[in-house]
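Chemist: Would you mind keeping the following structure in view while I ask a few things?
The values are calculated or read from the model by the stated rules, or taken from the named source; none is laboratory data. Keep in mind that this is a model prediction, so the values were computed, not measured. Cβ placement follows ideal geometry from the backbone for every residue including glycine, while neighbour counts extend to all protein chains displayed.
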Amino acid sequence: MDYEFSFRPILDNFGMLAEGTLLTLALTAAGAVPGIGIGVLGAVSRFWRLPILHRIFTVYVECIRNTPFLVQLYFIFFGLPSLGLRLEGWQASVLAMVFNLGAYATEIIRAGLVALPAGLFEAAASLAMTRRQALLLVMLKPALQNVWPALCSQIIIIMLGSSVCSQLAVQELTFAANLLQARTFRAFELYLFITLVYLLLAVFIRRALNLFGRKVIARGRT
């Protein structure tokens, strides 16, 4: 093998790769926060079988979980303009990530609610709590504690899936690597580098979310 390895293109263009990495993190954060919010709403709607919302979230979850993320992204970016709604690439990317995570988070959090002991419901009922009070004060926190590792894994999956947003010319990490590879023809070095970056990002996000879970979600746990 006479191939000569050279990581010079990475060093010379480290700024572009760093900006792509930061944008990947920004996309992940922008998709994760509202995505978890949708997941909570969907889980409660399906758990309590709320009229109309239960059916809406059932259809929504089935559609998202049984179609590829790339197709969802293309539908938002290329399909919605036919209805008069035009979005920038990064806007379509965030929207697709929000809806994708929201569907999976709905089922994860609903599983946490289902796993709660019956004693919690009885305690809330004995105190004459409304459903909203029971959810916020009694049920939600233990449910999130039970499923937090699964939610963390799903957020990491969304972060890794953000790489396909490069198809819309969103200048995240994979887009930067593709652009530099086309310029320098150093595919092995560049894709090895971003593989390691994605690995480090996954470890960083998992540790940050685990810390958040211990400090906030699990606070006051008995």
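Chemist: Those residues that are of a type outside the set (Phe, Trp, Tyr) and either at positive phi or buried (at least 16 other Cβ atoms within 10 Å of the Cβ) (or both), I need them from region 66-86; list them, please.
Modeler: GLN72, LEU73, ILE76, GLY84
Chemist: Then there is this: Go through (1) among the charged types (D, E, K, R); (2) surrounded by fewer than 18 Cβ atoms within 10 Å (Cβ to Cβ); (3) modelled with pLDDT of 95 or more for GLU107 and report which single condition fails.
Modeler: (2)
Chemist: Where in region 78-190 are there helices (runs of 4 or more DSSP H), lying fully within it, with 1 or more residues that are of a type in the set (Asp, Glu), closer than 22 Å to GLY37 by Cα and under 15 Å from the mean Cα position of the chain (by Cα)?
Modeler: Counting at least 1 such residues, we get 89-114.
Chemist: Now a separate question. Collect the residues in region 146-172 that are under 17 Å from LEU41 (Cα atoms) and in contact (Cβ under 8 Å) with a residue 60 or more places away in the chain, keeping them in residue-number order.
Modeler: Matches in region 146-172: TRP148, LEU151.
Chemist: Restricting to region 125-172, what's the tally of residues that are touching a Gly at 6+ places or on another chain (Cβ under 7 Å), crowded, with 21+ Cβ neighbours inside 10 Å and not hydrophobic (A, V, I, L, M, F, W, C)?
Modeler: 1
Chemist: Turning to a different aspect of this structure: I'd like to know if region 64-76 contains one or more residues that are charged (D, E, K, R), in a loop (DSSP other than H, G, I, E, B) and free of Cβ contacts under 8 Å to residues at least 60 places away in the same chain.
Modeler: no
Chemist: If THR28 satisfies all but one of (1) over 19 Å from LEU151 (Cα atoms); (2) in a helix (DSSP H, G or I); (3) not hydrophobic (A, V, I, L, M, F, W, C), what's the number of the condition it fails?
Modeler: Failed condition: (1).
Chemist: Looking at region 34-45, I want the residues that are touching a residue at least 60 places away in the same chain (Cβ under 8 Å) and have a partner that is crowded, with 20+ Cβ neighbours inside 10 Å and among the aromatic types (Phe, Trp, Tyr) with Cβ atoms under 7 Å, at least 6 apart or on another chain. Which pairs are those?
Modeler: Filtered contacts from region 34-45: GLY42/PHE57.
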